[in-house]
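Novice: The structure follows.
Computed from the coordinates by the stated procedures, all read-outs in this text should not be read as laboratory data. The structure displayed is predicted, hence computed values, not measured ones. FYI the Cβ positions are ideal-geometry reconstructions off the backbone, even for glycines, and counts take in every protein chain you see.
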Amino acid sequence: MQGVGFRPFVYRLANRHGLAGWVRNTSGSIEIDAEGSSESIELFLRDLAVEAPALAKVESVAAIEADPVGYAGFEILDSRAQSSVDSVIPADVAACPDCLREISDASDRRFAYPFTNCTNCGPRFTIVRRVPYDRANTTMSAFAMCERCAAEYAEPADRRFHAEPIACPDCGPRVWLESGGVACETEALEAAARLLHAGAIVAVKGLGGFHLACDATNDHAVRTLRQRKGRVAKPFALMVRDLDEAERLCELNDLARELIGSRQRPIVLARRRMGTGISEAVAPGNTHLGVMLPYTPLHQLLFEHGPPALVMTSGNLAEEPLVFTNASARTKLSGLADAFVMHDRDIHVPCDDSVVRPMPAGAAIPIRRARGYVPNVIEMPVECVCILGVGAEQKNTFCLAWDNTAVPSQHIGDLDTAETLDYYRYAVSHFLALFGRTPAVVAHDLHPDYLSTRFALELPAERVVGVQHHHAHVAACLAENGRSETCIGVALDGTGYGPDGTVWGGEILIADLAGFERAGRFAQVRMPGGEAAIRDPKRMAMAYLHAAFGDDCVRVGEQLGLKLSKLELDVVLHQLRTGLNCPLTSSAGRLFDAVSAICGVCRERTYEGQPAAQLEMAADEGCSGAYTGAVETGGSTVVIDTIPIVRRVVEDCIAGADNALIAARFHNGLVGLLAEACRAVGERSGIGLVALSGGVFQNAIIAMRLRESLERAGFEVLVHGIMPPNDACISLGQVAVAAAGGNDKCA
Ligand code: ZN
Ligand code: ZN
Ligand code: FE
């Protein structure tokens with residue numbers, strides 16, 4: 001309820017109904033003492049839920065009768081801090097149309113002011129130090145309100161009544177341009193825009209951290225940015241001037257338009273148009289672009305003078321966390337940026353841009369959940385004590401839960417560098433302080449080497465719970481859908497620790513929140529060199545060729561043009577024949593890697609998920625042909641044999657078939673196999689509910705077609721719509737399993 005203009009709304013409503021008394025925030029809810037005639041009170045209570053402001057969500061209203069005190073009027077009291085109450089901090093909100101109008105109105109006192117905000121918009125989560133959400137508890141406490149701002153803040157009829165980050169050019173934060181140690185405040189954004197036009201790379205401090213910006217049509221600038229950042233091919237996101245520019249660059253459907261303009265302002269992935277002038281280096285070999293609109297007045301003002309499309313990539317060195325303080329920007333980004341747009345409104349906790357992928361059917365797949373969505377709560381299907389789910393290793397988030405509330409953190413990143421681990425620790429301790437909670441239970445992945453697992457084991461907790469990775473995936477999907485019953489969980493991803501000592505990743509589980517059994521899996525292949533096979537898709541290609549053709553794989557590999565050095569080929573073959581340093585895996589992600597490499601769509605991986613992403617983009621969506629594999633239902637575990645599919649891929653490749661058709665037939669074939677396996681498990685178990693999770697479900701072809709196919713077969717299908725299906729959802733799943741009393745450690 002905080003920061004959404006709820007108290008002023010209550011104030012106006014009380015006055016309308018002639019009531020006296022007061023309203024105040026308690027951390028997490030609103031408390032109202034109102035006296036008047038019983039009819040007025042009844043009308044007041046009715047309107048309270050019906051007329052609530054746009055940003056507010058009234059979950060419940062509870063009323064008790066009390067003796068009249070004899071208040072003189074109605075007033076808004078200061079927030080009251082409580083130690084053990086549900087604390088809810090609002091997420092950051094993009095600049096609202098009213099504020100944008102003011103900054104472009106030369107007669108307004110906030111004309112061209114980059115920190116304009118009101119009760120309906122502005123920074124929240126990123127500036128809050130502690131609850132309750134009052135100015136004194138935010139980084140805005142450094143700025144004393146001027147008389148005019150103070151008057152607006154105190155006037156119930158004003159749009160800025162109790163807008164905690166209220167500011168104006170007389171009293172608020174300032175922006176400046178810094179370059180070569182020299183800072184300049186006058187016309188800083190105009191000067192930054194001129195630099196961008198001239199091809200410079202400018203670090204821009206925004207809402208949740210620094211971006212690195214450059215003109216997206218300037219090929220040289222974009223390539224320079226890639227070079228400096230050490231980022232070979234992973235796509236850059238764009239921020240564009242307005243919706244028209246987004247439409248010019250991308251094909252947008254209604255959902256994409258709605259998401260792009262939403263108050264969360266995520267990066268929206270959409271099919272790019274050709275010949276728009278955007279540098280090929282923005283998203284090399286990619287059919288899609290990630291596009292967002294300006295979400296702060298500062299960004300808006302930058303576009304009034306700057307190029308209409310800017311690369312806006314996270315301000316960090318490759319794989320390091322987002323830079324969010326002026327001091328660390330000066331040290332860490334000085335080799336990357338030619339100039340800095342800085343300001344003196346401190347970011348207390350960093351928050352990356354969120355990413356969503358709208359699908360044709362009207363649903364969106366969350367890819368990265370951060371700014372605009374965090375710290376929104378997820379209602380849990382089970383009650384619990386305070387639990388911390390520490391998350392997985394890649395795309396890490398953690399999740400704090402208590403009672404029936406779960407709060408997943410913002411995207412943290414891959415926990416494989418000291419810097420990210422530091423950021424992770426900082427974010428965890430900030431969350432615990434913010435919500436005033438101490439976890440009684442800590443839940444972690446079963447992988448003993450995940451840094452998150454080690455972190456969990458260091459924490460003082462009454463109980464430590466281990467949760468199998470794919471069980472966590474399925475539990476997360478159940479939990480965010482408010483469900484807790486037994487389902488058929490399809491968990492498809494790159495890798496996860498299996499309790500049997502093999503690498504899991506193509507799993508069909510019969511699971512509820514508390515436990516699971518493995519009802520089906522992909523046929524296992526070897527991962528030559530373990531981790532090395534994840535980094536090099538050619539190794540996975542050889543592993544599948546070996547499984548499909550035995551020793552003939554060398555000849556087939558040559559025919560396909562898979563270029564491994566003689567030495568590497570010898571090592572890989574030795575590993576495959578002997579099983580040495582060659583763990584078995586049922587991973588779905590590795591199958592995508594192998595097929596992508598076999599047909600030559602992607603043989604060099606420069607970022608996580610690249611071979612699979614490019615294979616999806618290569619597929620002709622109009623093609624309904626499908627390769628056939630086999631589902632073996634003889635044993636206790638259903639086995640999805642994908643080797644026949646790989647043989648067909650190879651045949652078509654050698655026959656010179658179009659990659660668009662090969663990729664489509666592969667996708668469709670996989671969907672067919674998965675649906676058949678679910679039917680087999682459903683028949684055995686009598687379960688009619690399926691939950692889909694894992695990074696593979698970022699793939700729209702698999703996600704949409706498998707869902708359709710399962711629904712046609714009579715299943716009810718649950719998918720992710722709040723948390724990303726990738727490992728970002730693991731922390732929520734861990735919390736859900738622990739809340740239900742599960743512990744996979746002993747399984
Ligand atoms: Zn506003
Ligand atoms: Zn002011
Ligand atoms: Fe996973």
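Novice: Suppose every Lys and Arg Cβ carries +1 and every Asp and Glu Cβ carries -1, with no other charges. What dipole size does the range 6-76 come out with about its Cα centre, to the nearest 20 debye? Let's see the in-between values first.
Specialist: Details: 6 positive and 11 negative charges, 75 e Å.
Around 360 debye, computed over the range 6-76.
Novice: When you have a sec, figure out the Kirkwood radius of the range 20-163 from all distinct Cα pair distances and drop it here in Å to one decimal?
Specialist: For the range 20-163, the Kirkwood estimate is 17.3 Å.
Novice: Please turn the phi angles of the range 417-422 into ³J(HN,Hα) values with the Karplus equation 6.51 cos²θ - 1.76 cosθ + 1.60 (θ = phi - 60°), one per residue in order, whole Hz, x for glycine and proline.
Specialist: Karplus-based 3J(HN,Hα) across the range 417-422 equals 10, 4, 5, 5, 5, 4 Hz.
Novice: Going toward the positive end of the dipole of the chain, with +1 on Lys and Arg Cβ and -1 on Asp and Glu Cβ, which of 6, 391, 307 do you reach last?
Specialist: Value: 307.
Novice: May I pose another question? If you count the DSSP beta bridges with both ends in the chain, what percent of them are antiparallel, to the nearest 5?
Specialist: Details: 67 of 98 bridges.
So the antiparallel bridges amount to about 70 percent of the total.
Novice: Rounded to the nearest 0.05, what FRET efficiency is calculated for residue 148 and residue 531 with R0 set to 45 Å and r the Cβ-Cβ distance? Walk me through the numbers on the way to the answer.
Specialist: On the way: r = 60 Å, r/R0 = 1.34.
Between residue 148 and residue 531 the formula returns 0.15.
Novice: What GluC sites (Glu not before Pro) does the range 172-214 have in DSSP loop regions with at most 12 other beta carbons within 10 Å? Let's see the in-between values first.
Specialist: Details: sites: 178, 185, 187, 190; in loops: 185, 187.
When the GluC sites (Glu not before Pro) of the range 172-214 are filtered for loop state and at most 12 Cβ neighbours within 10 Å, 185 remain.
Novice: Pairing the Cα long axis of helix 219-229 with the longest principal axis of the chain, what angle in degrees results, from 0 to 90 and rounded to the nearest 10?
Specialist: 90
Novice: For residue 538, which lysines qualify as cross-link partners when the Cα separation must be under 16 Å and same-chain residues fewer than eight apart are set aside?
Specialist: 563, 566
Novice: Can you sort 729, 384, 214 from fewest to most other Cβ atoms within 10 Å of each residue's own Cβ?
Specialist: Values: 729 32, 384 20, 214 28.
Ranked by crowding around the Cβ, least crowded first: 384, 214, 729.
Novice: Stretched out fully, how many nm does the piece from residue 46 to residue 422 gain, at 0.36 nm a residue minus the Cα gap? Working shown, then result.
Specialist: Values: separation 376, 0.36 × 376 = 135.36 nm, distance 4.84 nm.
130.5 nm is the gain from fully extending residue 46 to residue 422.
Novice: Then there's this: Would you list, by chain and number, the lysines whose Cα falls below 21 Å from the Cα of residue 205, excluding same-chain residues fewer than 8 positions away?
Specialist: Here the lysines satisfying the reach criterion relative to residue 205 are 229, 332.
Novice: Provide the gained length on full extension for the span residue 37 to residue 708, in nm with one decimal, where the gain is 0.36 nm per separating residue minus the Cα-Cα distance. Write down the numbers at each step before the final one.
Specialist: Values: separation 671, 0.36 × 671 = 241.56 nm, distance 5.56 nm.
Going from the current span to full extension adds 236.0 nm.
Novice: Tilt of helix 469-480 relative to the longest C-alpha principal axis of the chain, in degrees (0 to 90, nearest 10)?
Specialist: Approximately 40 degrees, to the nearest ten.
Novice: Sorting 402, 22, 504 on the 10 Å Cβ count, fewest up front, what's the list?
Specialist: Working: 402 23, 22 19, 504 26.
The order, fewest Cβ neighbours first, is 22, 402, 504.
Novice: Using r as the Cβ-Cβ distance of residue 558 and residue 517, and R0 as 41 Å, what FRET efficiency do you calculate, to the nearest 0.05? Mind dumping the intermediate values first?
Specialist: Numbers: r = 43 Å, r/R0 = 1.04.
The pair residue 558/residue 517 has a calculated efficiency of 0.45.
Novice: Here is a follow-up. Assign one of three labels to the range 632-700, namely rounded, prolate or oblate, based on the Cα gyration tensor with a ≥ b ≥ c the square roots of its eigenvalues; rounded applies when a/c is under 1.5, prolate when it is not and a/b is larger than b/c, and oblate otherwise. All intermediate terms of the calculation are to be shown ahead of the outcome.
Specialist: Working: a/c = 3.32, a/b = 1.76, b/c = 1.89.
Since a/c reaches 1.5 but b/c is at least a/b, the shape of the range 632-700 is classed as oblate.
Novice: Then there's this: Please list, ordered by chain and number, the residues whose modelled amide H lies under 5 Å from the amide H of residue 367; skip anything fewer than 5 residues away on the same chain.
Specialist: The list, which skips near neighbours in sequence, is 355, 356, 357.
Novice: A further question follows. With unit charges on the beta carbons (Lys and Arg positive, Asp and Glu negative) and the dipole taken about the Cα centre of the chain, which residue among 688, 646, 333 sits farthest to the positive side?
Specialist: Towards the positive end, the residue furthest out is 646.
Novice: With a 10 Å Cβ neighbour count serving as the proxy for reagent exposure, in which order, fewest first, do 201, 662, 32 appear? Before the final figure, lay out each step's value.
Specialist: Details: 201 24, 662 29, 32 20.
So the residues, fewest neighbours to most, are 32, 201, 662.
Novice: Next up: Provide the descending list of Cα extents for the chain along its principal axes, expressed in whole angstroms.
Specialist: For the chain, the Cα spread along each principal axis is 89, 62, 47 Å.
Novice: Give, as a single signed number, the net charge of other residues whose beta carbon lies under 12 Å from the beta carbon of residue 305, with Lys and Arg counted +1 and Asp and Glu -1.
Specialist: On the way: positive: 194, 241; negative: 187, 190, 304.
Value of the local net charge: -1.
Novice: With +1 assigned to the C-beta of every Lys and Arg and -1 to the C-beta of every Asp and Glu, and no other charges, what is the dipole magnitude of the chain about the Cα centre in debye, to the nearest 20? Spell out each step's value before the answer.
Specialist: Details: 69 positive and 91 negative charges, 321 e Å.
Dipole size: approximately 1540 debye.
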